[in-house]
Amino acid sequence: MSARNARPIGVFDSGVGGLTVVRALMERLPLESIVYFGDTARVPYGVKSVATIEHFTAQITDFLLGQDVKMLIIACNTMAAVAARVVAERAVGIPVIDVIEAGSQAAVAQSPGGRIGVIGTPTTINSNAYARRIHALDARVRVHSQACPLFVPLVEEGWLDHPVTRMTAHEYLRPVLAEEVDSLVLGCTHYPLLKPLLRDVVGPGVRLIDSAVTTAELAARCLQEAGLAHTGTLPASYRYVVTDVPLRFQTIGERFLGRSLGLVERVDW
Ligand code: DGL
């Protein structure tokens with residue numbers, strides 16, 4: 001096993017939400033080590049300007065490249081929507097994948113009727129990044145998008161099966177469901193936690209596309225193709241680096257990750 005392949009994968013997000021992607025990666029690629037970066041001091045990104053998000057994304061990318069990662073995964077839909085170019089320009093020589101690419105591929109493959117719904121933060125939806133990516137894959141598909149700004153705070157509050165969240169979901173999804181979509185892309189790190197509730201709201205005819213799971217699939221394919229998969233016997237190691245450790249970080253983080261977090265490091269920027 002070459003030392004080159006034993007290097008960790010760098011995964012980053014605006015905060016704790018990207019741990020849904022880490023969770024999917026742990027299940028799909030249990031041998032791969034991961035360095036996770038969450039910008040918990042400056043979250044949320046979903047309501048910030050493009051220039052600010054680009055600036056923050058460049059800082060995080062440089063930090064992870066300094067950790068000798070073999071691949072970068074943009075786990076944050078908002079960063080993937082408006083700052084993927086910033087990452088690609090810096091990460092020369094290593095593969096970069098993101099949740100929008102993975103979610104778009106899966107949605108096109110699973111929408112035989114050619115109608116896809118996308119939900120995300122206001123910045124993600126206003127960027128039109130999902131629609132552009134989906135149309136690049138199949139120009140005939142119709143995309144119906146909806147910003148759901150209240151979902152992030154509701155998930156962080158732990159209201160995963162709460163009447164307020166249910167009512168909010170019905171309200172947000174009404175226009176998308178009226179278009180009789182085949183699938184609904186959960187275009188935000190936080191939304192996979194709402195899957196059981198959203199499944200009730202959308203009904204059995206609409207497929208939910210979980211961008212965390214699809215990203216782990218894409219990462220597995222990409223590592224194989226690049227000859228970078230780790231096949232050794234050493235157990236994977238996980239590092240969590242954040243810019244702030246707020247009071248409830250441990251509880252929220254473990255909810256997203258589905259297991260205990262272990263040591264969390266804080267960088268001082
Ligand atoms: N991680 C963000 C996303 O996936 C959601 C949280 C935020 O607004 O920063 O879009």
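Order by neighbour count: W269, W159, fewest other Cβ atoms within 10 Å first, most last.
Numbers: W269 12, W159 17.
Fewest-to-most ranking of W269, W159: W269, W159.
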_q = 0.10, 0.11 Å⁻¹, the chain: log10 I(q)/I(0) [Debye, one scatterer per Cα]_ = -0.46, -0.57
*Grab every C-alpha pair in region 163-234, bin the distances at 10 angstrom width from 0 up to the longest one, and report whole percents.*
17, 40, 21, 15, 8, 0
*Degrees between helix 50-65 axis and first principal axis of the chain (Cα, 0 to 90, nearest 10)*: 30
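Which value in deg cm²/dmol, rounded to the nearest 500, describes the helix-derived mean residue ellipticity at 222 nm for the chain, given -39,500 (n - 2.57) per DSSP H run of n ≥ 4 and division by the residue count? Don't skip to the end; give the middle numbers.
Details: 12 runs with 124 residues, N = 269.
About -13500 deg cm²/dmol.
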_If R₀ is 51 angstrom, what is the calculated FRET efficiency for the pair A226 and D161, using the beta carbon separation as r and rounding to 0.05?_
0.80
_Placing +1 on the Cβ of each Lys and Arg and -1 on the Cβ of each Asp and Glu in the chain, which of T189, S104, L65 has its Cα farthest towards the positive end of the resulting dipole?_
S104
*Stretch R28-V50 to full length: gain in nm at 0.36 nm per residue minus the Cα-Cα span?*
4.7 nm
*Which order do H230, H144 fall in if you start with the one that has the fewest other Cβ atoms within 10 Å?*
H144, H230
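For region 1-76, what does the alpha-carbon gyration tensor say about shape, rounded, prolate or oblate, given a ≥ b ≥ c as the root eigenvalues, a/c under 1.5 as rounded, and a/b over b/c as prolate?
oblate
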*Could you please state, rounded to a whole Å, how far the C-alpha centre of region 151-178 is from the C-alpha centre of region 4-83?*
25
*Starting from the alpha-carbon convex hull of region 87-245, give the projected area averaged over all orientations, in nm².*
11.7
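Every read-out reported here was derived from the displayed coordinates using simple, explicitly stated rules and does not represent laboratory data. The structure displayed is predicted, hence computed values, not measured ones. Virtual Cβ from ideal backbone geometry, glycine too; neighbours counted across all protein chains shown.
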